[in-house]
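Here the structure comes first, spelled out in structure tokens, and everything after it is commentary.
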Amino acid sequence: MIKTLNHLPHPRDNAAVLAGHFTDLAPPLNARQAELEASRCLYCYDAPCVNACPSEIDIPSFIRNIQQENVQGAAQKILSANILGGSCARVCPTEILCQQACVRNNAHECAPVLIGQLQRYAVDHAQFSEHPFQRAAATGKRIAVVGAGPAGLSCAHRSAMHGHEVVIFEAREKAGGLNEYGIAKYKLVDDYAQQELDFLLGIGGIEIRHGQKLGDNLSLSELHQQFDAVFLGLGLAASKQLGLADEDAPGLLAATDYIRELRQADDLTQLPLADRCIVLGAGNTAIDMAVQMARLGARDVNLVYRRGLDEMGATHHEQDIAKANQVRLLTWAQPEQVLLDANGQVRGMRFARTHMLDGRLQPTGETFELAADGIFKAIGQAFDSGALADPLARELKRQGDRIAVDEHLRTSIPGVYAGGDCTSLDQDLTVQAVQHGKRAAEAINAQLMLNVEAA
Amino acid sequence: MADLSIVFAGIKAPNPFWLASAPPTDKAYNVVRAFEAGWGGVVWKTLGEDPAAVNVSSRYSAHYGANREVLGINNIELITDRSLEINLREITQVKKDWPDRALIVSLMVPCVEESWKHILPLVEATGADGIELNFGCPHGMPERGMGAAVGQVPEYVEQVTRWCKTYCSLPVIVKLTPNITDIRVAARAAHRGGADAVSLINTINSITSVDLERMVALPTVGNQSTHGGYCGSAVKPIALNMCAEIARDPQTQGLPICGIGGIGSWRDAAEFIALGSGAVQVCTAAMLHGFRIVEEMKDGLSRWMDSQGYANLSQFSGRAVGNTTDWKYLDINYQVIAKIDQHACIGCGRCHIACEDTSHQAIASLKNPDGTHAYEVIDEECVGCNLCQITCPVADCIEMVPLENGKPFLDWNHDPRNPFHVVL
């Protein structure tokens, strides 16, 4: 378990009750609901929803397939653009993507078509008897993919489809990346990440080697030598620090560490519970953390953000989820001091009130304290530079701390590609990572096949 | 409130909404419920000679829209499967109890004079207000020489109508089948036979769908199917045209018409009346929603009439007939052009792709900086076909605006481009 929280009590509810708190936040549509919802789609041409989908799923087409009782056709259409269409249907912030763009989200209309839910319906009910995509003739080319998260898996699947052999190097015990370790449990239930992984690997030609960590027992130099192309889907492994004293005190933890434990826990009753807790941050991870703690039974959950509600990274939909779970959103306050009790354990936090002054965030001079048994940092993830330690890796051009790539996901080193959160490109979203992986695979394939023709 | 009462072919009714001869008017229980709900009249489900018809199971199937809304129903039910005696007894009692409502009896007996001569006095004795001759039933009965088998032969229509006028003093309404090439021929025959009115349309021969697993059409009876009679809102356009054809035919002009076919709202009814109907009959909408629908129909119709200043139905009945003409009399110089209200447009692109793929490439798709599209009509290319307006999901977003081209009225008869044009 999480050592730094060992002193905390466990949830009061029994396992069955807790399990009930972590079922689907948005229950899936049944056939009748899917039919009703599908019939609301206007089958737009040059549809705004497709334009808003980072993975370019042909949404009107798959919805029309659902309406015409061709669920398999719908699923194939989705998966051909986004092989992780099942998890994206569950975790995408559709309220700022396809469903925001839906023409039925217009003020004159009623509400957007529930595209995410329909996508889930199609993928969940497709029941393919065999993997729906066939591999091209073997090319003899080998591709190394580092990181079995959404970007890496997407790149691997598309590469395998093109007839290449893929080896995925993954540091952790399980593949799936954030889908396995980082998404709120109630958004991705029933071990879905592993089910989806099994489906994806069904194409064949993909080997996953676990316990392989770049910068540790793996180097880019070696991979570059041994493989015809390398794709880096490293994600953002490091949690940002507050830069305060006592940041490693018992009771203070990165939210992602706790969520990982929560997702992997076989018995939720054995998790540490911070009855009064503070979550620092303003993104969807902060909301996930706060809501999950509330659902575990915490009585007093405060989500504290140094700016205002409008600047929060979490969407309004996510904020509503927080409010519905009795999470208190406190804005315009930034952490000033970790407060410890006599045992050196977290007892609360002192915050400085903030405001905007001359266009800059400034402390007002006023402070306040919040009592807490646990404090969870969700102030963002950072690139773990330790991964790029070998001589070749150090040569990779960076943008900020992330890996610089061009529109074909090419890094500064020929034959090395990168995608997902570890790059500077686009938003940090699962669906964006899948798109990166797919496009990188296409770029790799184009390059490798060009070389074949030239040879 | 406007007066909805009518006198149709001599039959009085408090309102023009009658239930058509069909399952809803099969027996006293239903008819009484209908009268309680406020229907102005009913046409009692078709009586025949004993022994009564026998029906199969199942009997109906539907043609659905995208959201399971029923566009049309197909039925293979025959005429009443109850004895003549029971029906006549019930009719007598209901008419006695509901003297102010129109009660018409639908009839279908073999096409021989004796059969009609026998049944007509029995029906007249019930006190019913009129009879309707079922010359339209398209399934089952024609195989026995009745229903549409009569309606499709003008000589039979005329003959039977004449027998009815001879052996019965009640108003005779002839119900016409649409399963023919020109409805006017049958209407003229009824008129010649002395019909007091025609009612139309009866149902249309149809198969609604096919069960692709069992490879049998719907509705099924065991592992088989047969064609049935199609009704419901899907048939309304066909019925409206047929009513208009009769209304504007010089040979049948003035012959009362009872409009039937897909009427489910006051507006539907008003449209039939505007095209010359003096009363209307409803079936499918009641079968889908119950008799209560008449309440909104009556309320809506009278409010609309008030808004238009019509004190009674005769003030607008047939008002649209004069504007219905042959293609050759249309103004070839008249032109409309689509105009898109950009404020109302939700950006679905349906008008563009419909015009681009299937019409005149008259709607441009302009890409906005945010990746969405705006749609603009190219006036020079627009022929005013209405397709964009039809496919647009937003009512009133696309307006068809008349073009002031300064050209005078010109019909094809006088158009110099017509090799056979009339030279003035």
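The values are calculated or read from the model by the stated rules, or taken from the named source; none is laboratory data. Nothing here was measured: the structure is a model prediction, and the numbers come from that model. Here the Cβ positions follow ideal geometry from the backbone for every residue, glycine too, while neighbour counts run over all protein chains shown.
A few notes on this one:
- Unmet requirement for A:GLU369, which otherwise passes all of (1) surrounded by 18 or more Cβ atoms within 10 Å (Cβ to Cβ); (2) at pLDDT 95 or above; (3) in contact with a strand residue (DSSP E or B) (Cβ under 6 Å, 6 or more places away or on another chain): (1)
- The range B:178-203, subset in a helix (DSSP H, G or I) and touching a strand residue (DSSP E or B) at 6+ places or on another chain (Cβ under 6 Å), residue surrounded by the fewest Cβ atoms within 10 Å (Cβ to Cβ): B:ALA187
- Among the residues of the range B:71-114, those that are of a type in the set (S, T, N, Q) and more than 20 Å from B:GLY127 (Cα to Cα) comprise B:ASN74, B:ASN75.
- In the range A:18-46, the residue that is farthest from B:ALA374 (Cα to Cα) out of those that are within 12 Å of chain B (Cβ to nearest Cβ), part of a loop (DSSP other than H, G, I, E, B) and in contact (Cβ under 8 Å) with a residue 40 or more places away in the chain is A:ARG40.
- Residues that are surrounded by 19 or more Cβ atoms within 10 Å (Cβ to Cβ) and either among the acidic types (Asp, Glu) or assigned to a strand (DSSP E or B) (or both), drawn from the range A:197-217: A:ILE206, A:ILE208, A:LEU214
- Residue identified as modelled with pLDDT of 95 or more and surrounded by fewer than 21 Cβ atoms within 10 Å (Cβ to Cβ) among A:ARG158, A:ARG142: A:ARG142
- Summed over the range A:51-66, residues that are within 14 Å of another protein chain (Cβ to nearest Cβ), touching a residue at least 40 places away in the same chain (Cβ under 8 Å) and closer than 23 Å to B:ASN368 by Cα total 6.
- When A:VAL103 is tested against (1) away from every other protein chain (no Cβ under 14 Å); (2) of a type in the set (A, V, I, L, M); (3) surrounded by 24 or more Cβ atoms within 10 Å (Cβ to Cβ), only condition (1) is not met.
- Failed item, numbered, when B:ILE340 is tested on (1) on the phi < 0 side of the Ramachandran plot; (2) within 9 Å of another protein chain (Cβ to nearest Cβ); (3) surrounded by 15 or more Cβ atoms within 10 Å (Cβ to Cβ): (2)
- Here the strands (runs of 3 or more DSSP E) wholly within the range A:306-398 that include at least 1 residues being of a type in the set (Lys, Arg) are A:327-330, A:346-357, A:360-371, A:374-378.
- Given (1) closer than 30 Å to A:VAL230 by Cβ; (2) surrounded by fewer than 13 Cβ atoms within 10 Å (Cβ to Cβ); (3) not charged (D, E, K, R), number of the condition A:THR411 does not satisfy: (2)
- The range B:371-424 - residue that is part of a loop (DSSP other than H, G, I, E, B) and among the aromatic types (Phe, Trp, Tyr) and, of those, surrounded by the fewest Cβ atoms within 10 Å (Cβ to Cβ): B:PHE420
- Residue match in the range A:223-232 (condition: out of contact with any Phe, Trp or Tyr (no Cβ under 8 Å at 6 or more places or on another chain), over 30 Å from A:THR285 (Cα atoms) and free of Cβ contacts under 8 Å to residues at least 40 places away in the same chain): yes
- Every pair of residues 6+ apart whose Cβ atoms lie under 8 Å, when the first sits in the range A:67-95 and is within 14 Å of chain B (Cβ to nearest Cβ) while the second is surrounded by 20 or more Cβ atoms within 10 Å (Cβ to Cβ): A:GLN67/A:ALA38; A:GLN67/A:CYS41
- Listing of strands (runs of 3 or more DSSP E) fully contained in the range B:59-176 that carry 3 or more residues being among the polar types (S, T, N, Q) and touching a helix residue (DSSP H, G or I) at 6+ places or on another chain (Cβ under 7 Å): none
- Test: residue in the range B:126-148 that is surrounded by fewer than 23 Cβ atoms within 10 Å (Cβ to Cβ), touching a Gly at 6+ places or on another chain (Cβ under 6 Å) and either under 30 Å from B:PRO237 (Cα atoms) or in the same structural domain as B:ILE73 (by TED's automatic domain parsing) (or both): yes
- All positions within the range A:110-127 that are out of contact with any Leu (no Cβ under 9 Å at 6 or more places or on another chain) and part of a loop (DSSP other than H, G, I, E, B): A:CYS110, A:ALA111, A:PRO112, A:GLN127
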